[in-house]
Structure formats: structure tokens, C-alpha cells
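Just below is one structure, and these are the notes that go with it.
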Amino acid sequence: MRINAGKEQIRRALSLPLPGEQAHREMMSYRRSTAAEARAGNPPPRQGAVLMLLIPDKRSEDLTTLFIRRPHYDGVHSGQLAFPGGKLEPADSGLLAAALRETQEETGIDISGVEILGALSEIYIPPSHFIVQPFVGWAEEVPDLHPDPREVEEVLLEPLSRLLHPDNRRMQRIYMPTFKAWIDAPAMDVQGHILWGATAMMVHEFRTAVFSEE
């Protein structure tokens, strides 16, 4: 598996038909509705967007990506790893604007240095009743980080060679307050933290679309 793809290769891969649900299912921890199914329900889901930011490591010729770890709070995503992002606000011109605004608010990144390469498939997140659109961006160097402590406990830069390695997939026992039950979830390790759920599904779709072995 190559991990030193340039931005044009990634841009081209994301412009092709995406693996979508097929890739999502491999990291799905429970049966969830598709975005289309969720839109047909009542009440309609809220909309949000996140940014998978890629940053080349000039020393190793690897790529890194940026995660945030949410603080512990009384909510469904307490303490979880995620890509920066959040809900679509009335003042946003669209989902991409929402992803960039939320990324800047949460991490302090200057988004003027971010180039958007494309998007992944949208995902419905049942516990928070959101349909989330992931975008993939590129920054030529590690940006200055000034995370908002109200929304971000920690910012993690993870090499793709480690994140996407087949040996970094496992089944993890996780308690879900929404269901009041323990589940066995496909997961990845990110510097000792568990990455699972929708964000892991996004990561796996990216891997499948861009770094699939020929």
C-alpha cells in the first residue's frame, strides 16, 4: 500500500465514483440507515460537514491527517475521536463552508492555506441524527494549532502509513449510551485512542478509494 500519494492523485481518485456504502459497511459497528433513508424519515436529520485534512511529512514522505478528541461531556460523542467539523449554520454558504468554519473554530487553523481536493460519501449518524458530508483538504505544512478547549481536548496528527495499515484494524468492545448496551465495533488505534463509528467509516472509504492495492 502506497502512502506517499500526491494531491493530484488523491484529487483524481476522489473525482471517480466512490465506494460509499460498500466501504462503510466494513467498518460499520451496527446497522444504520443510509442518508437517503434518513432523509425520508420524520423529523428530518440535521446537516453537518467535517474536514479530513492531509499534510505531507517532508521527512518521511508520508502523509498525515488530523483528528480532534472531544472533551468528556454529557453527550453522545463524549471523548470520541473525530475529524474537525460540525453542523451547518444559516450563515454558511454551504456544507464546505460549514466544514471550513468549524475546522477553524475548533483547531485555530488558518483555512486560507487549505486546498480542497474533493469529498467522500455522506454518512448518517443515528445517535445525533445528523447527515455528515466529509471533505478532503490539503495543507502543504503543519498549520499553527490553537484548539478551542471548550470543544477540543486534544489534536492528533496521525501518519497514514500507520492509520491505514491492515494490522491497525481490530474489533473493540464499546459501550453505547444511546443503546444502553455494549457492542463489538470495528476500530482502529490512533496513538492509544479508539477510532470507530462514522469517522472510521470515512477513513476506510478514503483508503479504499485512494490507496486500494492493485
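Karplus couplings for the range 19-30 from phi (6.51 cos²θ - 1.76 cosθ + 1.60, θ = phi - 60°), rounded to Hz, Gly and Pro as x?
Per-residue couplings from phi come out as x, x, 4, 4, 6, 4, 4, 5, 10, 7, 8, 7 Hz.
How many percent of DSSP beta bridges within the chain run antiparallel, rounded to 5? Display every interim value, and only then the final one.
On the way: 34 of 43 bridges.
Once the DSSP bridges in the chain are tallied, antiparallel ones form about 80 percent.
What's the magnitude of the charge dipole for the range 10-114 around its Cα centre, counting Lys and Arg as +1 and Asp and Glu as -1 at the beta-carbon? Answer in Debye, nearest 20. Display every interim value, and only then the final one.
Numbers: 13 positive and 13 negative charges, 57 e Å.
With Lys and Arg at +1 and Asp and Glu at -1, about 280 debye.
By count of other Cβ within 10 Å, fewest leading, how are Met28, Met201 ordered? Present the calculation step by step, with values, prior to reporting the outcome.
Details: Met28 19, Met201 25.
So the residues, fewest neighbours to most, are Met28, Met201.
How much length would be gained if the chain were fully extended between Lys87 and Asp148, taking 0.36 nm per residue of separation minus their Cα-Cα distance, in nm to one decimal?
On the way: separation 61, 0.36 × 61 = 21.96 nm, distance 1.64 nm.
Contour length minus the Cα-Cα distance gives 20.3 nm.
Quick one: if the Förster radius is 30 Å, what FRET efficiency do Glu140 and His193 give, using the C-beta to C-beta distance and rounding to 0.05?
Details: r = 27 Å, r/R0 = 0.89.
Approximately 0.65, to the nearest 0.05.
Which value in nm describes the separation of the simple spin-label points at Tyr175 and Glu115, placed 7 Å from the Cα toward the beta carbon?
About 4.6 nm, to one decimal.
State which stretch of the chain is the longest one without any exposed trypsin sites (Lys or Arg not before Pro), exposure meaning a DSSP loop state and at most 10 other Cβ atoms within 10 Å.
60-149
Work out the length of the dipole vector of the range 52-121 about its Cα centre, built from +1 on the beta-carbon of each Lys and Arg and -1 on the beta-carbon of each Asp and Glu, and round it to the nearest 20 debye.
On the way: 6 positive and 11 negative charges, 30 e Å.
Its charge dipole is roughly 140 debye.
Would you mind getting me the FRET efficiency between Gln22 and Asn42? Use the beta-carbon distance for r and R0 = 25 Å, nearest 0.05. The partial results should precede the final answer.
Details: r = 28 Å, r/R0 = 1.13.
About 0.35, to the nearest 0.05.
Taking neighbour counts of Cβ atoms within 10 Å as a proxy for exposure, in what order, fewest first, do Ile55, Ile131 appear?
Values: Ile55 19, Ile131 22.
If I rank by nearby Cβ atoms, fewest first, I get Ile55, Ile131.
Along Cα→Cβ, 7 Å out, is where each label goes; now give me the distance between the ones at Ser60 and Ser33 in nm to one decimal.
Here the modelled spin labels are 4.1 nm apart.
Between Asp167 and Ser128, what FRET efficiency comes out of the Förster formula 1/(1 + (r/R0)^6) with R0 = 35 Å and r the beta carbon distance, rounded to 0.05? Walk me through the intermediate numbers first.
On the way: r = 31 Å, r/R0 = 0.88.
Rounded to the nearest 0.05, the efficiency is 0.70.
How much mean residue ellipticity at 222 nm does the chain get from its helices, if each DSSP H run of length 4 or more adds -39500 (n - 2.57) and you divide by all residues, to the nearest 500 deg cm²/dmol? Numbers along the way, then the final one.
On the way: 6 runs with 51 residues, N = 214.
Helix contribution divided over all residues of the chain: -6500 deg cm²/dmol.
From the list [x] 0.96; [y] 1.09; [z] 0.92, can you say which value of Cα Rg over 2.2 N^0.38 Å was derived from the structure given?
So the structure-derived entry is [x].
In percent, what relative contact order does the chain have, based on Cα pairs under 8 Å that are 6 or more apart in sequence?
Numbers: 418 pairs, mean separation 62.7, N = 214.
Normalised by residue count, the contact order of the chain is 29 percent.
How big is the charge dipole of the chain about its Cα centre, in debye rounded to the nearest 20, if each Lys and Arg gets +1 on its Cβ and each Asp and Glu gets -1 on its Cβ? All intermediate terms of the calculation are to be shown ahead of the outcome.
On the way: 22 positive and 30 negative charges, 153 e Å.
For this selection, approximately 740 debye.
What is the fewest-to-most order of Val132, Val114 by other Cβ atoms lying within 10 Å of their Cβ? Please list the in-between numbers first.
On the way: Val132 28, Val114 22.
Result, fewest neighbours first: Val114, Val132.
Quick note: the coordinates plus some simple rules give every number you see, no bench work behind them. Just so it is clear, the structure is predicted and the values come from calculations on it, not from any experiment. Here the Cβ is made from the backbone with ideal geometry for all residues, glycine too, and neighbour counts use every protein chain on show.
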